[in-house]
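Engineer: Dropping the structure in here first, questions after.
The numbers here are math on the coordinates, done by the rules we state, and not lab data. Because the structure is predicted, anything quoted here is derived from the model rather than measured. Virtual Cβ from ideal backbone geometry, glycine too; neighbours counted across all protein chains shown.
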Protein chains: 2
Amino acid sequence: MLESENEISENDTDELMLSIPEGFSFAGVASGIKKSGNIDLSLVVADDKCSAFGVFTQNMIRASSVDWNRNRIGSARGIVINSGNANACTGEQGEHDTESMARELADQIGCELNDVLVMSTGIIGEMLPMENVTSGIVAAFGQLQNNENAFDLAAQGMMTTDKFCKVSSTEFAVGGTTYSVLGMAKGAGMIGPKMATMLCVLLTDFPLAASDEHNTAFKHAIDQSFNCISVDGHTSTSDQVVLLANSTGGSDGKSLPESNHEFFNQLTAVCIDLAKKIPSDGEGATHLISIQVSGPQRESELALVAKTIADSPLVKTAVFGGDPNWGRIVSAAGYSGIAFEPNETSLRVNGFLLFEKGTPVDFDEKEVSTSIKDNTDTEIELQIGVPKNSAQFWTSDLTYEYVKINAEYHT
Amino acid sequence: MLESENEISENDTDELMLSIPEGFSFAGVASGIKKSGNIDLSLVVADDKCSAFGVFTQNMIRASSVDWNRNRIGSARGIVINSGNANACTGEQGEHDTESMARELADQIGCELNDVLVMSTGIIGEMLPMENVTSGIVAAFGQLQNNENAFDLAAQGMMTTDKFCKVSSTEFAVGGTTYSVLGMAKGAGMIGPKMATMLCVLLTDFPLAASDEHNTAFKHAIDQSFNCISVDGHTSTSDQVVLLANSTGGSDGKSLPESNHEFFNQLTAVCIDLAKKIPSDGEGATHLISIQVSGPQRESELALVAKTIADSPLVKTAVFGGDPNWGRIVSAAGYSGIAFEPNETSLRVNGFLLFEKGTPVDFDEKEVSTSIKDNTDTEIELQIGVPKNSAQFWTSDLTYEYVKINAEYHT
């Protein structure tokens, strides 16, 4: 099942009932990379070789794990993930360390080196403590299990400044067979979409062959979800979203082209659910801000308007302050570079009409302010002309705590 | 003279010795628009009709004063400026009020309505208290003077959340005659360049005819200065930069085409000096961050890299925290959309080499941190390949105070 709407809470995984596909096992251990002693090394291992799909950061400065995976995506048996150290900007030694991580897991599994993917997230520019990493992989491999608890530990092993674990799953039936899509993602800073955002692992037992067509459909799912969020607009060096399909579902594991459409709908729903959790848990965030922009413009243009509003520190601080500051929202739309007619522009915040056809409406400021303050979700709906198309974007508010976290950042 | 480097101080105008061109007079009064009782209404009046040049915000949502001036630029006798209320998003009544402001000053001067320009800055979406504005114009007109004190009062009348008054001037001689360029500008929030940024008035006695060529040169000066700054990347509804040239300098007031080049150099220097004062006094700022990017790329591409670094909240909070976080700077460059070779990338902060040819340098973190903390200016120099061209950008750090000002904003 898809989880219900996000809530900003310490840990919302307690009551989860995830749908765990067969044929994958998981583990997460504390290997000592994080000085805190928290879980920092995770494994996802498939019983058999899977189709593997990936979307990677477009930053020119890329972590070596991103380059490793880009060159190997297509099939995979396992993923080794560490947090606490991004292994980015670490030169040749960093590349060597990425390969060593993959080799250690390949040795444990007994599979080809090229069938292991690597993900690293955390501080940039420091060398990985490889002794910890290697013994962590061995320890985690001994704890692999196909259940929700093990998956939860693996998801915890991706976390950096995240306050809660980000997992989601769904089940759907086609042709009398039930399939699962399961995913885990991490935030919480350096979140600015540029084709891929942050680490995310998606798993399914749906029989999906590696193909250009499926790659395109996968990228579309990412465009509708992880590419529609930001916390600070800063695209990370380490972003990757990876999907493994092990085809264990169904009677014969054969491809089911007629139901691919339903699969990608379900995948997109899981991606959106995970994606929204990231700004919900954005560094220092007290609000998830959902921005919907509609108008006669193209969807990509409406998305740019929504993103421009999402990236405005003035809009983000206004939401933090419970200030129904329609002027900041409307003027942010105005500098997005997309043409629209101010006199056909209207705005609602949490359902309250604040601005109609280019003119501020007489509204009860206190009532709207209370609505912002009393809810962790703020809904901004902007209409810039006749609403033929629409686009969504999600972001966090900008708070004292965001400044504190990032002015005083240490491992 | 051009003032020396910016310093962030309560008020650095005390010791100014500005060069005031003949033929212009100034006043600033408290008309009651601002509840604080501070000066909020200013006049700049020329003895005779001037050539007038303007650059205006490209925001789709524009204050009525911007539209008024766009349609009238070319010549001018006077400018009426108010702060505390931007008269933006105020519909037909707002347009009517802008015209009334111009009419009142035109009546006082005894000039054509079309020769009066209007600037308004402050809160968006509220109606101007026109009784205060009108009586303020009459009062200010009675106090017009051609001296530094009067100019300083006029500059104060533009201020909103500014902590100090932003003025600059220079003198230069061509053909045995000395000319002046004098300017005033305001910050301090909603600063994101899009062809023009914030209110600025520039005055000169240099004989400069209104022409397409001079317009282009004027825009180039703005591109080198006000378009190279940001505080929060949020382009205002009210941005305008206006230059009046009254041709009172020189023996006969005729145009001096051979010395135009020198004039525009001087104008650019005054614009840069004023522009840098804006992020120096950015809302909540404790540091002016100067970013220079050099490489073989085109200047416009290098400028985009510099702007991307300037807009990163992670870079801005790191500077606030005194953190020499080269990873955030280099990775921000990486997502600017401009191609470069990571292995040819080097970075200095306050002169310290932190990153060289794609690899972090072993540096004394405490020494660099102290250098950031002990200086109000932070110099970031990034080289992304062989330094054939370069571009500059200036911004503020992101602080608790920025969040406080904007989460608790009231008139």
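Engineer: Can you classify the range B:281-411 as rounded, prolate or oblate using the Cα gyration tensor, where a ≥ b ≥ c are the square roots of its eigenvalues, rounded means a/c under 1.5, and otherwise it's prolate if a/b beats b/c and oblate if not? Let's see the in-between values first.
Structural biologist: Numbers: a/c = 2.27, a/b = 1.44, b/c = 1.57.
It is oblate, given that a/c is not under 1.5 and a/b is not larger than b/c.
Engineer: Which angle between 0 and 90 degrees, to the nearest 10, do you get for helix B:260-280 versus the longest principal axis of chain B when only C-alpha atoms count?
Structural biologist: 70 degrees
Engineer: What nm distances, shortest first, do you get from the label point of B:Glu365 to those in the other copies when the point sits 7 angstrom along Cα to Cβ?
Structural biologist: Spelled out, the distances from B:Glu365's label point are 4.5 nm.
Engineer: Show me the chymotrypsin sites (Phe, Trp or Tyr not before Pro) within the range A:108-213 that DSSP assigns to loop and that have at most 10 other Cβ atoms within 10 Å of their Cβ. Before the final figure, lay out the partial values.
Structural biologist: Values: sites: A:Phe141, A:Phe151, A:Phe164, A:Phe172, A:Tyr179; in loops: A:Phe164.
Those that pass, being in a loop and sparsely packed, number zero.
Engineer: Taking the 0 to 90 degree range and rounding to the nearest ten, how far is the long axis of helix A:130-141 tilted relative to the main principal axis of chain A, both from C-alpha atoms?
Structural biologist: It is inclined by approximately 80 degrees.
Engineer: Just need the relative contact order of chain A here, percent rounded to a whole number, with Cα pairs under 8 Å and 6+ apart.
Structural biologist: Details: 1043 pairs, mean separation 72.6, N = 411.
Relative contact order comes out at 18 percent.
Engineer: Run the label-point distances for A:Lys388 please: 7 Å along Cα to Cβ, every other copy, nanometres, shortest first.
Structural biologist: 4.3
Engineer: Any idea what angle helix A:212-223 forms with the longest principal axis of chain A, computed on alpha-carbon atoms, 0 to 90 degrees, nearest 10?
Structural biologist: Compared with the principal axis, the helix lies near 50 degrees.
Engineer: Rounded to the nearest 5, what % of the DSSP beta bridges within the protein assembly as shown are antiparallel ones?
Structural biologist: Working: 104 of 150 bridges.
Antiparallel bridges make up about 70 percent of those DSSP assigns within the protein assembly as shown.
Engineer: Oh, and also: Return the average number of partner chain Cβ atoms within 10 angstrom of each residue Cβ along peptide A:231-243. Show your work: numbers first, answer last.
Structural biologist: Working: counts 2, 8, 8, 10, 8, 4, 5, 1, 1, 0, 0, 0, 0.
Average per residue, whole number: 4.
Engineer: So for the pair A:Glu299, B:Ser300, with labels modelled 7 Å out along Cα→Cβ, what separation do we get in nm?
Structural biologist: Output for this residue pair reads 3.0 nm.
Engineer: How much mean residue ellipticity at 222 nm does chain A get from its helices, if each DSSP H run of length 4 or more adds -39500 (n - 2.57) and you divide by all residues, to the nearest 500 deg cm²/dmol?
Structural biologist: So the calculated ellipticity at 222 nm is -9500 deg cm²/dmol.
Engineer: At what distance in nm do the modelled label points of B:Thr177 and A:Glu401 sit from each other, each positioned 7 Å from its Cα along Cα→Cβ?
Structural biologist: Here the modelled spin labels are 6.4 nm apart.
Engineer: Efficiency by 1/(1 + (r/R0)^6): what FRET value for B:Ser369 and B:Asn38, r their Cβ-Cβ distance, R0 = 41 Å, to the nearest 0.05? Intermediate results must be reported in sequence, preceding the final value.
Structural biologist: Values: r = 38 Å, r/R0 = 0.92.
The pair B:Ser369/B:Asn38 has a calculated efficiency of 0.65.
Engineer: Sticking with this one: Can you sort A:His220, A:His287, B:His261 from fewest to most other Cβ atoms within 10 Å of each residue's own Cβ? Write out the running numbers ahead of the final one.
Structural biologist: Numbers: A:His220 14, A:His287 24, B:His261 11.
Fewest-to-most ranking of A:His220, A:His287, B:His261: B:His261, A:His220, A:His287.
Engineer: Let me ask something additional. Tell me the net charge near B:Ser120. Cut-off is 13 Å between Cβ atoms, B:Ser120 excluded, with +1 for each Lys or Arg and -1 for each Asp or Glu. Write down the numbers at each step before the final one.
Structural biologist: Details: positive: B:Lys34, B:Arg62, B:Lys186; negative: B:Asp40, B:Asp67, B:Glu95, B:Asp97, B:Glu99, B:Glu126, B:Asp239.
That works out to -4.
Engineer: When the Karplus curve 6.51 cos²θ - 1.76 cosθ + 1.60 is applied with θ = phi - 60°, which whole-Hz ³J(HN,Hα) does each residue of the range A:332-339 get, with x for Gly and Pro?
Structural biologist: 5, 4, x, 9, 6, x, 9, 6
Engineer: Take every DSSP beta bridge whose two residues both sit in chain A, then give the antiparallel share in percent to the nearest 5. It would help to have the intermediate numbers written out before the result.
Structural biologist: Numbers: 52 of 75 bridges.
So the antiparallel bridges in chain A amount to around 70 percent.
Engineer: Whole-Hz Karplus ³J(HN,Hα) for the range B:377-392, in order, using 6.51 cos²θ - 1.76 cosθ + 1.60 and θ = phi - 60°, x for Gly and Pro?
Structural biologist: In residue order, the calculated couplings are 9, 10, 9, 10, 10, 10, 10, 10, x, 4, x, 7, 10, 8, 9, 10 Hz.
Engineer: What percent does the relative contact order of the range A:288-407 come to when contacts are Cα pairs within less than 8 Å and at least six residues apart?
Structural biologist: Details: 228 pairs, mean separation 55.1, N = 120.
Value for the range A:288-407: 46 percent.
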